[in-house]
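Right, one structure below, let's go through it.
The values are calculated or read from the model by the stated rules, or taken from the named source; none is laboratory data. No experiment lies behind these values; they were computed from the predicted model shown. Cβ placement follows ideal geometry from the backbone for every residue including glycine, while neighbour counts extend to all protein chains displayed. Note: accessible area is taken over every heavy atom of the protein model, side chains too, but ligands, DNA and RNA are not part of it. Shrake-Rupley method; radii C 1.70, N 1.55, O 1.52, S 1.80 Å.
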Amino acid sequence: MIEVRDDAFLLQTRHTSYWFARTAHGHLEHLHYGPLLPPQDPEALRTKRALPYGSSVVYAPDDEGYSLDAIPLEFSGIGQGDYRLSPIEVFTAFGADVDLVYRGHRIREGATPAETLPTADGGPGVETLEVTLADERAGLELTLLYTVFPDEDVITRRTVLRNTGAAPAEIARLASLQLDLPDRGFTIRSFDGGWIHEAHAHDRPVSSGVFSIGSTTGASSNRHNPGLLLIAGDADEHCGWAYGFNLVYSGNHATSVERDAHGSVRVRSGIQPQAFRWPLAPGEAFEAPEAVLAFSDEGLNGLSDRMHRFVRAHITPERYRGLERPVVYNSWEAAFFDIDEKRLRGLAKQAAKLGVELFVIDDGWFAGRGDDRAALGDYAVDERKFPSGLGAFVKKVAKLGMRCGIWVEPEMVSEDSELYRAHPDWALRIPGKPAREGRHQQVLDLCNPEVCDYLVEQLGALIDGAGFDYVKWDMNRHIADAYSPHVPHPGMTAHRYLQNLYRVIARVLEPRPHVLLEMCSSGGNRFDLGMLRSAAVIWASDDTDPIERLDIQQGLSYLYPPSVVSAHVSASPHQQTLRDTPLSTRFNVAAFGCLGYEYDLDFLTAEEKREITEQIAFYKAHRTLFQFGRFRRGMPGMPTPAGRVVWQVDDGDTTLVGNFQRGVRAAPERDLLAIAGLEPGIRYRVTAKPQRVMLERLGHLVNHVSPVRVDPNGLVMNVVSRHRSLPDGVEQYTGTGELLASGIRLELQFSGTGHHATTRMLGDHGSTLYLIERIEREDDA
Ligand code: DGJ
């Protein structure tokens, strides 16, 4: 709900309020963002200014205490006395000086879609407040748009700048959002990393000066996800105040957190200003991307729940909302480029038997693509690899009961390709300078409409020609040569590229609503809300090692729901870390996302096949919960002990908990498992999902249980372990919601003193999934 009371704007969601008001001089003073407040006179929230501060610049000669430096503002200018970093830098005939004051407002029902960028969808109860500010002398008009999503407790903000003057202007920076909050002992949590270690959470206290994250790679990047949190002093996963910020944008971004001398914290977020310039002719407007804000007084899990519900209801494209994501098999880690119809058919037959629903042909299917040095940009199938064509393969896969998907990397071109030979000028290139390659490839100039048309045509023909139901859209390098002759100013290249990319994706997908889109960029190099406006899921990382994934998926979980996180089970030892992990843990981690498998099924043992078949069946039985349930990290009433990770998903009736152990300690402590979100007074049964310990994990210990002595590394053992395994801890507990929340004392872990049917065989990297169901009748217990 949006209410305007005198000069105050009151934005209300179900559990939060966001208030600001006009000052006597027409600036917008931020009053409150936090728990829901009943509408009332907000005087107590205003900044008191009976006396001027030393060292301050006074805005109006007749109002000595009015210094913009000391007032929390909704959007600041330059040159008016506020010396914090400004969200706007536009050059006009008056330099960068800009003073934006209130001119008017209106309230509209629903969201207000941007024309040039993706923005969140509206829905029941959604309203937008548009406040117009202007600097008439500079000829600039700025519209601040606030969209209120009451059910999800989310507010989005964006800005549109219009040149209302007679002379051209040039934008050097236009943030989507500025938010000035009182410092509540904030910690900043950002999600950073690089290739194969994306989205790791890092904390640091807010302190004097400026902290910033951003990207200059052309994509939202694996270096810093655009999302960021501010966590109040005493908050944790379960209680306390926290704020979340994100951007519906997939390109170069920048977010800064600045603490000033008055104890005010300014968050600024939007397009990265480095190398950005946008000329604005008289009458023209520029739209900044949409920023997403959420507040929770129920800790970080409460904040994530709000972000997750918002993504599911307003970011995920309507056609994918609530749609269960299929269990996927992807050829990449099994075969890399070495694919052909025969090999893939073999893999597909086995995948189908295991219960897989969709088979994805990854890289290597088109002519000339034997490795990563050639052929990007071309779309002709390699007839030596697929003599009967892709369509015939899709039909064979369909006969096995699976749908089929294809990998593409449309934004790139290899120098050794038909496309490059025909159109060398279609790649981004600094005039007169040799191209800088990454993964032996160059970036197509999406500022060029001809390039966009080519992609739409080729992709459409590929999908329709063979009948694909799924596209994995990859992007495997950062942009370096950001220059295009197709934009009026080189500083426009990166943003125009993005605007056109969004359009290309829409032109490919809108006529094909049956196609499920998986986005990818060397893993999670473009994991953002902009991509999620078109994609059902994003490949979170090329790193499928489950222990690494605990950090990656946990980092992403602060901002993104499991329904958009693509997560696969792969071989062990892992191809990047050489870490050996149990098959059970590889599944237990991937299950908290959209499940897939991507390793060589030819070498699975009978026991592994049995285990995987059961994993997939279990996942399908609980898929709605894994993908769309309420996700929580940690345990109520206690911090997660070092070396452990606890995740849960619940829907009010059923709960699934993953209990992960990174590394084992000798004589491990007695583990407690506390479960959140259960109803007091209701009785529940907690059952560990049955899983197997493969015999090779036991090494020499097998001789303690084997009737005859065997060489643990010998042939006999090798044969036996293909067909026999040990059931892992058989555990069951019962109790009411409050009992389970206070913590179950779990069965003992193996520690070398014997074995019992209930023993949890965790060791290094072991884990267990627990299913928690209501006990309807006492004799069920
Ligand atoms: C990078 C992706 O992240 C991988 O999953 C795979 O698709 C390769 N590219 C193919 O080149």
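List of remarks:
- Compactness check for the range 548-667: Cα Rg over 2.2 N^0.38 Å is 1.08.
- Dividing the helix sum by the residues of the chain, where each DSSP H run of 4 or more adds -39500 (n - 2.57), gives a mean residue ellipticity at 222 nm of -5500 deg cm²/dmol.
- Probing with 1.4 Å while keeping every protein chain in the model, the per residue accessible area of the range 460-607 equals 24 Å².
- Full extension of the segment from residue 464 to residue 108, taken as 0.36 nm per residue of separation minus the current Cα-Cα distance, would add 124.2 nm.
- On the beta carbon distance between residue 578 and residue 51, with R0 = 45 Å, the FRET formula returns roughly 0.10.
- Antiparallel %, DSSP beta bridges [both residues in the range 319-539], to 5: 20 percent
- Isotropically averaged projected area of the range 319-539, using the convex hull of Cα atoms (one quarter of hull area), nm²: 11.8 nm²
- Cut-off 18 Å (backbone N to label point 7 Å along Cα→Cβ of residue 60), residues of the range 102-139: 102-104, 133-137
- Separation between Cα centres of the range 356-381 and the range 272-330, rounded to whole Å: 30 Å
- Beta-bridge orientation, the chain: approximately 85 percent antiparallel, per DSSP, counting only bridges with both partners inside.
- Taking the protein heavy atoms of the chain in the context of the full set of protein chains, the accessible area attributed to carbon and sulfur is 51 percent at 1.4 Å.
- On a per residue basis, the range 631-780 carries 52 Å² of accessible surface, using protein heavy atoms and a 1.4 Å probe.
- Accessible area per residue, Å², the range 209-341 with all protein chains present, probe 1.4 Å: 27 Å²
- Full-stretch length increase - residue 700, residue 764 - with 0.36 nm per residue and alpha-carbon distance subtracted: 21.4 nm
- If R0 equals 30 Å, the separation of the Cβ atoms of residue 202 and residue 745 corresponds to a calculated FRET efficiency of about 0.35.
- Reachable lysines, given that their alpha-carbon falls under 30 Å from the alpha-carbon of residue 689 and they are not under 8 places away in the same chain: 349, 353, 609, 620
- Cα-based helix-to-principal-axis angle, 449-466 vs the chain, degrees rounded to 10: 30 degrees
- Rounded to the nearest 10 degrees, the angle from helix 493-509 to the longest Cα principal axis of the chain is 50 degrees.
- Gain on full stretching of the segment that runs from residue 602 to residue 506 - 0.36 nm per residue minus C-alpha separation: 30.8 nm
- The range 63-83 and the range 717-750 have Cα centres separated by 61 Å.
- Against the main long axis of the alpha-carbon atoms of the chain, helix 546-557 sits at an angle near 30°.
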